[in-house]
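Heads up: the structure comes next, in C-alpha cells.
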Amino acid sequence: MKFKIEGQRVLKGEIHISGAKNSALAIMPACILLNKPVILKNVPDVEDIRTMSELLKYLGAKVHKISKNVIEIDPRDINKYQAPYELISKMRASIYVLGPLLVKFGKAIVYMPGGCSFGPRPIDFHIEGLKKLGANIKIEHGNIIAHVDSFKDAYIQLPFKSVGTTIHLIITSSLLKGKKVIISNCALEPEVVDLANFLNKAGAKIKGAGFDEIVIEGVDKLEIDEYEIIPDRIEAGTFLVAGSFENNEILVKNVIIEHIGPVIDKLLEAGINLKIYNDSILVKGVKKPKPIEIQTYPFPGFPTDMQAQFMTLLSIADGTSIIKENIYPNRFAHAYELMRMSADIKINDNIAIIRGVEKLTSAIVNATDLRASASLVLAGLIAEGTTIIENIEHIDRGYEDIEIKLNSIGASIERIL
Ligand code: EPZ
C-alpha cells in the first residue's frame with residue numbers, strides 16, 4: 001500500500017486527536033486479569049489495536065468492537081497460556097501478555113518479540129523483572145518459557161526508565177495478593193499513569209505512577225465496568241508539526257497539554273506560533289522555522305517518538321539543527337529517505353546534523369517504521385511535486401485515518417496499491 005501526496009497544499013482547519021495507542025496497548029493485556037467484562041472507550045482504530053485484539057481472542061477472550069473507538073473485552077474464558085510467533089512477531093507490545101498469563105496460569109510460553117528498523121529492541125529488563133517477582137524463565141527455540149511456583153515481594157530497580165518494562169511489571173504485580181512490589185527508576189510516561197489509573201479504578205493498589213518509584217500492593221480481584229483511554233500525545237505532536245509549515249493553521253483538539261510540554265517548548269523555540277487553550281492548541285505556520293537542538297529523553301524529556309517528525313520540520317529551517325537520539329541506538333532510518341527529498345542531513349552515530357534547505361522536492365520514498373512514516377507524510381505535504389510513500393502499513397499501525405484527517409483540512413493524499 002502507498003500514499004500519493006500532492007505537496008505544497010495549505011492546511012487550514014480542525015483536527016480531533018484520537019486515543020493513545022500506547023495506552024490502549026498497555027490496558028488491553030491488563031484485562032487478562034479482570035474477572036468480568038470491561039468496555040474501553042476512545043480506543044484508536046489502528047492496526048496495532050486490531051493485532052492486540054487478535055492476540056486476546058487467540059488466548060480465549062471475547063473482544064467485541066462495539067463501535068469505531070469502543071471495544072468490550074471479556075477475559076473470563078481465557079484458557080491458553082501460549083502466544084505464538086505469528087501473533088507476537090507483528091508487534092512488540094504483545095510481550096505484555098507474558099506476566100498476566102503467568103499470574104493467571106502459573107506458566108506462560110510467549111514467543112520472543114522481534115526487533116524493528118531502529119534496533120534490537122531487547123526485553124532483558126522485562127525478563128529480569130519477572131524473575132525478581134519469582135518467575136523461572138528460559139528461552140528455547142525462540143520461545144520465552146516461564147513458570148512460577150510462588151510469587152514474592154520484590155524491589156526492582158530498573159536499569160533504564162523503560163516504558164514497556166514499567167508497564168509489564170505494573171500489570172503483573174497488580175493481582176499478586178498479599179505481595180508488595182516496589183519498582184524504582186520507573187518510566188513516567190502518561191501511558192504508564194493511564195494504566196495505573198485504569199487498574200486502580202479496577203481495585204488495584206498502585207501508588208506513585210508518574211514518579212520515579214511505584215509501590216504496588218497486590219489484590220485478589222480486579223473488576224471495572226468501563227474506562228476511557230487518554231488522547232494520543234504523539235499524534236497531537238505530529239499534527240502540531242503539520243501546522244508549523246508556512247501558511248498552515250490547525251486547531252489541534254482533544255489534547256492534554258501537560259502531556260506534550262517538551263514538544264510545545266521545542267516548537268516555540270523554533271519560532272512556531274502556538275495559542276494554547278485548556279484542551280486544544282492553535283498552531284500557525286511560519287515561512288522558515290528557526291534551527292534548534294533536540295535531545296530525546298524519557299518523559300518528561302523530549303519524546304523519541306517525535307524525533308522523526310521534527311527532523312522534517314528542521315530540514316527546511318533557517319540554519320543548522322542538531323538532534324541527539326538518546327533512547328534508541330539508530331532511530332534515523334527516516335533521515336536517508338528525507339535525503340532523497342533534498343534534505344541535507346549528516347548522521348554520525350546517534351547524532352543528526354540537519355542543515356536547513358530552501359525546500360524539499362518530491363520523490364518515491366520508503367516508510368520503515370511508524371514515526372518515520374509520519375515524518376515522510378509531513379515531508380510529502382511540503383515538498384514540491386507529488387511524493388509516493390511506499391509501505392504505509394507502518395503508519396496504519398499507529399495513526400487513525402491519517403489521510404482522512406489531513407485531507408479534511410486541505411491536503412491531497414491518496415491511498416494507492
Ligand atoms: C515504548 O516502547 C513505546 N511503545 C515506543 O513507541 C517508544 O518509542 C518507547 O516506549 C520509548 O518511549 C509502546 O508503548 C508500545 P522502552 P518500549 O522499553 O517499551 C531499551 C511508537 O512509535 N530496552 O522504553 O519498547 C530499548 O531497546 C513506539 O509508538 C532494553 O534494553 O521502549 C530502548 O533502547 C516506537 N531492554 C530503551 O530501552 C528492555 O528489556 C527504551 O525502551 C527494554 C528496553
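The values are calculated or read from the model by the stated rules, or taken from the named source; none is laboratory data. Everything numeric in this text was worked out from a predicted model, so none of it was measured. Here the Cβ is made from the backbone with ideal geometry for all residues, glycine too, and neighbour counts use every protein chain on show. Surface accessibility is based on the protein's heavy atoms, side chains included, excluding ligands, DNA and RNA. Shrake-Rupley method; radii C 1.70, N 1.55, O 1.52, S 1.80 Å.
Looking only at residues of the range 252-271 that are in contact with an Asp or Glu (Cβ under 7 Å, 6 or more places away or on another chain) and not hydrophobic (A, V, I, L, M, F, W, C), we find that the one that is nearest to GLY210 (Cα to Cα) is ASN254. Here the range 353-369 is the region considered, the condition is being farther than 25 Å from ILE392 by Cα and among the aliphatic types (A, V, I, L, M), and the residue that is farthest from the chain's Cα centre (by Cα) is VAL357. Do we have ASN247 as open to solvent by 70 Å² or more (accessible area, probe 1.4 Å) and either modelled with pLDDT of 95 or more or assigned to a helix (DSSP H, G or I) (or both) here? When the stated conditions are applied, ASN247 passes them. Per the listing PRO262, PRO298, the residue uniquely within 16 Å of the ligand (Cβ to nearest atom), touching a residue at least 60 places away in the same chain (Cβ under 8 Å) and surrounded by fewer than 23 Cβ atoms within 10 Å (Cβ to Cβ) is PRO298. Applying the selection to the range 171-189, what residues are out of contact with any Asp or Glu (no Cβ under 8 Å at 6 or more places or on another chain) and of a type outside the set (Gly, Ala, Ser)? Selection gives ILE171, THR172, LEU176, GLU189. Condition check: touching a residue at least 40 places away in the same chain (Cβ under 8 Å), buried (at least 24 other Cβ atoms within 10 Å of the Cβ) and within 13 Å of the ligand (Cβ to nearest atom). Does ALA379 satisfy that? When the stated conditions are applied, ALA379 does not pass them. Of the residues that make up the range 343-362, is at least one in contact with a strand residue (DSSP E or B) (Cβ under 8 Å, 6 or more places away or on another chain), within 20 Å of GLU235 (Cβ to Cβ) and in a loop (DSSP other than H, G, I, E, B)? Checking the range 343-362: not a single residue is in contact with a strand residue (DSSP E or B) (Cβ under 8 Å, 6 or more places away or on another chain), within 20 Å of GLU235 (Cβ to Cβ) and in a loop (DSSP other than H, G, I, E, B). Selection within the range 396-408: residues that are open to solvent by 10 Å² or more (accessible area, probe 1.4 Å), under 23 Å from LEU25 (Cα atoms) and part of a loop (DSSP other than H, G, I, E, B). The member of this set that is nearest to the ligand (Cβ to nearest atom) is ARG397. With respect to being closer than 28 Å to ASN366 by Cβ, touching a residue at least 40 places away in the same chain (Cβ under 8 Å) and open to solvent by 60 Å² or more (accessible area, probe 1.4 Å), PRO329 fits the description. Determine, yes or no, whether ILE322 is hydrophobic (A, V, I, L, M, F, W, C), in a strand (DSSP E or B), open to solvent by 40 Å² or more (accessible area, probe 1.4 Å) and assigned by TED's automatic domain parsing to the domain that holds THR386. In short, yes. Filter the strands (runs of 3 or more DSSP E) completely within the range 99-206 down to those with at least 2 residues that are surrounded by fewer than 20 Cβ atoms within 10 Å (Cβ to Cβ) and within 16 Å of the ligand (Cβ to nearest atom). Strands (runs of 3 or more DSSP E) meeting the threshold: 136-140.
Once the range 49-71 is narrowed to residues that are in contact with a Lys or Arg (Cβ under 6 Å, 6 or more places away or on another chain) and among the hydrophobic types (A, V, I, L, M, F, W, C), the residue that is farthest from ASP401 (Cα to Cα) is LEU59. If the condition is being assigned to a strand (DSSP E or B) and closer than 13 Å to GLU337 by Cβ, then the range 363-395 contributes ILE364, VAL365, ASN366, THR387, ILE388, ILE389, GLU390. Counting only residues that are of a type outside the set (Phe, Trp, Tyr), part of a loop (DSSP other than H, G, I, E, B) and either loosely packed, with under 15 Cβ neighbours inside 10 Å or away from the ligand (no atom under 16 Å from the Cβ) (or both), the range 207-236 holds 10 of them.
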